[in-house]
């Protein structure tokens, strides 16, 4: 291996040895791999859909389960970690399933996330709506066909569990905007947890461009699945997620406290869990069905305290506490726990306490990582040292549903450290380090030459020391991205690390990084058919829109500005509904409540006026606005950066370099 070309390589002898040792250690039969989670994933099937293909309105393919046909094989390939192979096979069990016979149904495998249909007195309650519209429509069609019922015209409510786009992006495939409203008016309510709107915007819009780019590494967007490629996203299958149409509808009801509601005759309990897997999240309990919906707080994997695509660090202590609270509240009166990813876990004659064990073990591993990280931090260990030092108790390691398919102990420990102590280790040498490119150049200079670095890196590659090989070659890539030998060597090392990884998202990141080193990157346009940030941007509140405007203004270009004006947002009748004072000052957009009585220039117009500035089409809105600073507004608009044009920035080589392949 490591012969200096762009081709993918087979598993090395070191990788094959590690895979066999892993399988033996965890009692996995390489020839006929199976475990309890794989059995659960395929149980209670109503209609299988393992060959499903989904198209958008243009007839373009956006989802094809046939791409994962290789997962029908029982034998574990040597290029995939045996445990991850079982996770991938479990996620491949797609179709319509029952959770509670005749009462609760799930469509799985047509999207990264599940869509769940809960029977009410006269119709159905929908739990989460998936990532994109086309998949939601397909899920609804499958449910109607499998149950032989008209669900579409009998939806009584939608509950969105939390503020991540894979749980609300498909909503327009389930209900139309004209259908949304209060049930007393014959409309469909949308229930969300407190803070949902703000947190959805924060993640999907404010940092959305960077997350989409980094998301290609986490989910392998656009990379064709295969035994030398992506096999899973950990939480489900997801290599084509970006191709669909993401949507957003404004919620009608925000749940601000734990409560019980009766929705079309069905009692539903709401347990708020803020700060857990998402900043705004909630669980639900259905007493009539003895069923507990754990949202994404418990799944069939160790979850992320910090996803590598980027996001706010989660509070693992609170996450554990809320799971313990759920165990206390619902454990004795629950026969099945189900969630927004993966498959349910049921109490059975063989395992009468399966639900309680599932919740308890999930809570325990999150608390263990949290507490042990702080224990070690208080003993002087750094983030990296802690990540290498923490070992999960054997009792928890044996539970397949908390294996590190999505989150990992290493990243989670660093996340806990960061939440309490930040990224800085306390070592003043690291207070203001050089840029990655400058560090790489100096490293090469210290070693003596690029050739000497690569000689050492190749020795490590041939000895199976893949992390060392990747790290050393990576310095040469950052110092000189035109060095093809360095790129190919680093790619070969990353590839073997990917083959060995139990975490799906680590595997994806390693293999996408290798691909971009070999072919230049990003290879695939991550904007795809999804290009727009869904319709959430145009539906932001005025205050959130102004926050985003401040983010996309080029502060260097606007640094000499000192423009203060009044913004008045008008309603349909022309009356002023909202008022703000904006001050573009020293490159920053300061936002005031608008209560000042001072005489100021003004901008008056409908809510969409800020969206027009964001889209750089203010001129098209000229007839709908009143202002005495039109030329100044055009100047502000000129400072707006089109993030779509910058969405393909490099990750595996320096930002300061133009892509050269």
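The values are calculated or read from the model by the stated rules, or taken from the named source; none is laboratory data. Owing to the predicted nature of the structure, the values given are computational and were not obtained by experimental measurement. In this analysis, Cβ positions are derived from the backbone assuming ideal geometry, glycine residues included, and neighbour counts consider all displayed protein chains.
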message: Of the residues 27, 34, 50, only one is in a loop (DSSP other than H, G, I, E, B), surrounded by fewer than 20 Cβ atoms within 10 Å (Cβ to Cβ) and at positive phi; which?
response: 27
field: Near pairs, Cβ below 6 angstrom, 6+ apart or cross-chain, from the stretch 34-57 (closer than 19 Å to residue 134 by Cα) to any residue that is surrounded by fewer than 18 Cβ atoms within 10 Å (Cβ to Cβ)
entry: 51/66; 53/64; 55/61
- line: Residues of the stretch 375-385 being surrounded by 18 or more Cβ atoms within 10 Å (Cβ to Cβ) and under 26 Å from the mean Cα position of the chain (by Cα), in sequence order, are 383
task: May I ask you to list pairs of residues, at least six apart or on different chains, whose Cβ atoms are under 7 Å apart, with the first in the stretch 558-571 being free of Cβ contacts under 8 Å to residues at least 60 places away in the same chain and at negative phi and the second being part of a loop (DSSP other than H, G, I, E, B) and surrounded by fewer than 20 Cβ atoms within 10 Å (Cβ to Cβ)?
output: 559/586; 559/587; 564/600; 566/594; 566/600; 569/607
field: Boolean, residue 40 is under 29 Å from residue 108 (Cα atoms), touching a strand residue (DSSP E or B) at 6+ places or on another chain (Cβ under 8 Å), at pLDDT 95 or above and in a helix (DSSP H, G or I)
entry: yes
message: For the stretch 247-268: of the residues being surrounded by 20 or more Cβ atoms within 10 Å (Cβ to Cβ) and under 17 Å from residue 165 (Cα atoms), which is modelled with the highest pLDDT?
response: 251
- request: Taking only the stretch 109-148 into account, find how many residues are within 21 Å of residue 232 (Cα to Cα) and either out of contact with any strand residue (DSSP E or B) (no Cβ under 9 Å at 6 or more places or on another chain) or surrounded by fewer than 23 Cβ atoms within 10 Å (Cβ to Cβ) (or both).
  value: 3
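Between 214, 228, which is modelled with pLDDT of 90 or more and not in a loop (DSSP other than H, G, I, E, B)?
So the residue among 214, 228 that is modelled with pLDDT of 90 or more and not in a loop (DSSP other than H, G, I, E, B) is 214.
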- line: The condition of being touching a strand residue (DSSP E or B) at 6+ places or on another chain (Cβ under 9 Å) and in contact (Cβ under 8 Å) with a residue 12 or more places away in the chain holds, among 320, 340, 316, 362, only for 340
task: Take residue 415 and decide whether it is surrounded by 14 or more Cβ atoms within 10 Å (Cβ to Cβ), free of Cβ contacts under 8 Å to residues at least 60 places away in the same chain and in a helix (DSSP H, G or I).
output: no
- request: Could you list all residues from the stretch 603-621 that are surrounded by fewer than 16 Cβ atoms within 10 Å (Cβ to Cβ) and in contact with a strand residue (DSSP E or B) (Cβ under 9 Å, 6 or more places away or on another chain)?
  value: 616
query: Which one of the conditions (1) free of Cβ contacts under 8 Å to residues at least 60 places away in the same chain; (2) under 26 Å from the mean Cα position of the chain (by Cα); (3) within 30 Å of residue 15 (Cβ to Cβ) does residue 109 fail to meet, given that it meets all the rest?
result: (1)
- prompt: Just checking, how many residues over the stretch 563-583 are closer than 18 Å to residue 621 by Cβ and in a strand (DSSP E or B)?
  reply: 11
Residue pairs meeting the criteria (Cβ under 6 Å; at least 6 apart or on separate chains; first on the phi > 0 side of the Ramachandran plot and in contact (Cβ under 8 Å) with a residue 40 or more places away in the chain, in the stretch 76-89; second part of a loop (DSSP other than H, G, I, E, B) and surrounded by 24 or more Cβ atoms within 10 Å (Cβ to Cβ)): none
query: Could you say which residue among 432, 388 is touching a helix residue (DSSP H, G or I) at 6+ places or on another chain (Cβ under 8 Å) and either surrounded by fewer than 18 Cβ atoms within 10 Å (Cβ to Cβ) or assigned to a helix (DSSP H, G or I) (or both)?
result: 388
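Pull up the stretch 435-477, narrow it to residues that are in a loop (DSSP other than H, G, I, E, B) and closer than 30 Å to residue 17 by Cα, then point me to the one that is farthest from the chain's Cα centre (by Cα).
Result: 463.
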- request: Give me a count of the residues in the stretch 157-200 that are crowded, with 20+ Cβ neighbours inside 10 Å and part of a strand (DSSP E or B).
  value: 9
- request: Evaluate the stretch 639-659: report whether one residue or more is free of Cβ contacts under 8 Å to residues at least 40 places away in the same chain, crowded, with 17+ Cβ neighbours inside 10 Å and either touching a helix residue (DSSP H, G or I) at 6+ places or on another chain (Cβ under 6 Å) or assigned to a loop (DSSP other than H, G, I, E, B) (or both).
  value: no
